[in-house]
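> Following this message is one structure expressed as structure tokens.
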Amino acid sequence: MKLYRAVFHLTKTERANLALNNVGNLLAELGEDHVEAEVVANSDGVKALLKTGPYGDRVGELAARGVRFVLCSRSIKAMKLEVGEFLDQVEVVPTGTGEVVKKQADGWAYVRP
């Protein structure tokens, strides 16, 4: 069984809908059992994963299907936001760029919606 791994790099809030669609489409085409997907949000993209945003249900559905959502701690700090303001499904990493580079070094496909 082949496993496909893709990291989706979300840097702009207005691209969040497209990013979530891309992830959902990938799961639909290749099957949840064959895909490991991660959405890395940094810069302005972190705002898409705020509890007050419109994407909570979709993020929850995708997370339940195995998609990992991570936020850049430096972006959160630079925007004067608190971790508690974000959806419960998110994890915080030291830097979004570092996370993307690590994934690519491990052979993950890079997608920038």
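> Starting from the residue with the highest accessible area, list Leu18, Leu81 in decreasing order, probe 1.4 Å.
Sorted by accessible area, descending: Leu18, Leu81.
> I need the shape label for the range 35-80. Rule: rounded when a/c is under 1.5, else prolate if a/b > b/c, else oblate, with a, b, c from the alpha carbon gyration tensor.
Here the range 35-80 falls in the oblate category.
> If I stretch the segment between Gln104 and Glu82 completely, what's the gain in nm (0.36 nm per residue apart, minus their alpha carbon distance), one decimal?
5.1 nm
> Share of antiparallel DSSP beta bridges in the chain, in percent to the nearest 5?
Once the DSSP bridges in the chain are tallied, antiparallel ones form about 5 percent.
> Something else now. 7 Å from Cα along Cα→Cβ at both Lys51 and Leu30: what's the point-to-point distance in nm?
3.3
> May I ask for the angle, rounded to the nearest 10°, between helix 96-105 and the longest principal axis of the chain, with both axes built from Cα atoms and the value confined to 0 to 90°?
Orientation of helix 96-105: about 20 degrees from the principal axis.
> Give the carbon-plus-sulfur fraction of the accessible surface of the chain in %, rounded to a whole number; probe 1.4 Å, heavy atoms of protein chains only.
The nonpolar share, carbon plus sulfur, comes to 48 percent.
> Please report the relative contact order for the chain, taking Cα pairs under 8 Å with a sequence separation of at least 6, and give it as a percent rounded to a whole number.
Over the chain, the number comes to 35 percent.
> Another question, if that's okay. With a 1.4 Å probe and all protein chains kept in place, how do Glu38, Glu14, Glu85 rank by accessible area, largest first?
Glu14, Glu85, Glu38
> For Tyr4, what residues show an amide H to amide H distance below 5 Å, using hydrogens built from the backbone and excluding near sequence neighbours?
Val35, Glu36
> Of the listed values (i) 2, 13, 25, 26, 20, 10, 3, 1, 0; (ii) 2, 12, 22, 26, 21, 12, 4, 1, 0; (iii) 2, 12, 21, 22, 18, 12, 7, 4, 2, 1, 0, identify the label whose number matches P(r) over Cα pairs in 5 Å bins from 0, in percent calculated from this model.
(i)
> Using a 1.4 angstrom probe, figure out how much accessible area the chain has per residue, in square angstrom, rounded to the nearest whole.
It amounts to 54 Å² per residue over the chain.
> Using the crude model of +1 on Lys and Arg Cβ and -1 on Asp and Glu Cβ, and no other charge, please compute the dipole size for the chain relative to its Cα centre, in debye to 20.
Result for the chain is approximately 400 debye, rounded to the nearest 20.
> For the pair Glu61/Asp44, report the inter-label distance in nm, with labels modelled 7 Å from Cα in the Cβ direction.
2.6
> Report the FRET efficiency, 1/(1 + (r/R0)^6), for Ser73 and Lys2, where r is their Cβ-Cβ distance and R0 is 41 Å, rounded to 0.05.
That gives a FRET efficiency of 0.80.
The values are calculated or read from the model by the stated rules, or taken from the named source; none is laboratory data. Model, not experiment: these values are computed from the prediction. All Cβ positions, glycine included, derive from the backbone under ideal geometry; neighbour counts span all protein chains shown. Surface areas here come from the heavy atoms of the whole protein model, side chains and all, with no ligands, DNA or RNA. Shrake-Rupley method; radii C 1.70, N 1.55, O 1.52, S 1.80 Å.
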